[in-house]
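The values are calculated or read from the model by the stated rules, or taken from the named source; none is laboratory data. In this text the structure is predicted, and so the values were computed from the model without any measurement. Here Cβ is always computed from backbone atoms with ideal geometry, including for glycine, and neighbour counts include all displayed protein chains.
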Amino acid sequence: MANLTITIDDELLRRARVRALEQDTSVNSLLRDYLEAYAGAGSTWRQAADSILRLAARTHAGRGNRRWTRDELHER
């Protein structure tokens, strides 16, 4: 993976960091997502999957100590 260096106004970066923090993300992540969309690098399903994974990472929900068997997961 490559690194990218850009030059922007200090105040703009400060405001972007504050806004990204409010959205529980980073400026780096926002720029990466934007460039992927701009370049058309990600397909629709990949963007949807990434979005779901980002949301899941922010939640406090979980399965606890519970382990399911294959039969329980496929029970109808």
- Of the conditions (1) aliphatic (A, V, I, L, M); (2) surrounded by fewer than 11 Cβ atoms within 10 Å (Cβ to Cβ); (3) modelled with pLDDT of 80 or more, LEU21 fails just one. Which one is it? (2)
- Can you tell me which residues in region 24-34 are modelled with pLDDT of 90 or more and either under 9 Å from the mean Cα position of the chain (by Cα) or not in a helix (DSSP H, G or I) (or both)? ASP24, THR25, SER26, SER29, LEU30
- Conditions: (1) among the β-branched types (Val, Ile, Thr); (2) over 24 Å from MET1 (Cα atoms); (3) surrounded by 13 or more Cβ atoms within 10 Å (Cβ to Cβ). THR59 meets all but one. Number of the miss? (3)
- Among ALA2, ALA16, ALA48, the single one that is loosely packed, with under 12 Cβ neighbours inside 10 Å and part of a helix (DSSP H, G or I) is ALA48
